[in-house]
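The values are calculated or read from the model by the stated rules, or taken from the named source; none is laboratory data. Predicted model, so just to flag it, every value in this text is computed and none were measured. Note that each Cβ is placed from the backbone with ideal geometry, even for glycine, and that neighbours are counted across all protein chains shown.
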Amino acid sequence: MQVFMEMFDRSNTPSQSHTLEVAGDVPATSKLQKGRSGWASVLGFCGHCPLTLRWLETHLDKTQFVGARLTLLLLFFLDITGRNIGQITFCNNPLSGLVIFVGMLIASPDLGAAALLSSTISIIVALATKHPREGLTCGGAGFNAVLFGVVMKAIVLNSDEETNSFPVAVVTWVTISIGAAVTVILTNGLGSLLGSATPAVPCLSLPFNMVAVVATLTLTFINELPQGHGDEQSDVNFTSVPSNHSDGEIATDDEIDYGLLLQGSLLGMGQITAINDLACSALVVLAMMLFSPLLALSAFSGSLIATLFGIPPQT
């Protein structure tokens, strides 16, 4: 806790207090500092959500009581947690992260627990390794950890009794904890390495991919991963569409269900959380729209185009 307090003690780092991207240091947000209401305040919760971090930093400067400072630091922790979850979909917004987290809970409580555990571990490791503050407060240090946690949960902890047994569950949660910590270290190292290149290259989800491959191969080797028990027993599943023609025949335009086509496009957006759930996907779209309507439109367009390419060409 002392490390957390020192990190957010702006009196030690005055030059960084208003230079963070997440703080919304753009001309449009200057109106918010004057206390204006209406759309200016509403929009302060959209985009990078500058109002939350600005409010927390301002009150932390003015508060001297230990209890009040601890409460503000807890709110800082929740703000970073929301951004860690939101950054899975490139949404640097704690409210977007909250919406996605609710979607995870609706689809699978274990998925939400994995996200919280991974995010908490990433924050602790980032503080312990002195990760750059701007990377931590914008969710960049922890989103790979959250992504690793939810994907590992979806792979291993399905509804099958055998794979939910005590030994497998323990191995899975330990793997999530260790993997989440390693992703933070890799994010810091790869960020520095790739950032020093000309031009600079962001590492994005490379740390997640590296750790996920190693963890999956390791768990498969020790036989802790399920070997496949049917789509209905896994959170990651595919819906089969009934067909009136045999394999190898091409569906005509009249046989294409465009309702299912749109549903598949929506589900494709939610699959970033490694779960096939319509409600979760709808909340992911809402979270993206809260951050940027253009981002939501781009994501849905990409998912729709990919779904359309899945339709066999007609002859």
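Quick rundown of the values:
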item: Boolean, Ala115 is hydrophobic (A, V, I, L, M, F, W, C), free of Cβ contacts under 8 Å to residues at least 40 places away in the same chain, under 29 Å from Ser281 (Cβ atoms) and in the same structural domain as Ile222 (by TED's automatic domain parsing); result: yes
item: Only listed residue being modelled with pLDDT under 90, closer than 19 Å to Ala296 by Cα and either assigned by TED's automatic domain parsing to the domain that holds Val174 or among the charged types (D, E, K, R) (or both), chosen from Phe90, Phe45; result: Phe45
item: Ala180 among the hydrophobic types (A, V, I, L, M, F, W, C), closer than 21 Å to Val214 by Cβ and touching a His at 6+ places or on another chain (Cβ under 7 Å); result: no
item: Meets criteria (of a type in the set (A, V, I, L, M, F, W, C), at pLDDT below 90, part of a helix (DSSP H, G or I) and not assigned by TED's automatic domain parsing to the domain that holds Gly139) for Ile305; result: no
item: Region 108-135: number of residues that are surrounded by fewer than 24 Cβ atoms within 10 Å (Cβ to Cβ) and aliphatic (A, V, I, L, M); result: 9
item: Check on Met289, at pLDDT below 90, part of a helix (DSSP H, G or I) and touching a helix residue (DSSP H, G or I) at 6+ places or on another chain (Cβ under 7 Å); result: no
item: Subset of region 121-143 [part of a loop (DSSP other than H, G, I, E, B) and within 14 Å of the chain's Cα centre (by Cα)]; result: Cys138, Gly139, Gly140, Ala141, Gly142
item: Residues (of a type in the set (S, T, N, Q) and touching a residue at least 60 places away in the same chain (Cβ under 8 Å)) located in region 269-315; result: Thr273, Ser281, Ser292, Gln314, Thr315
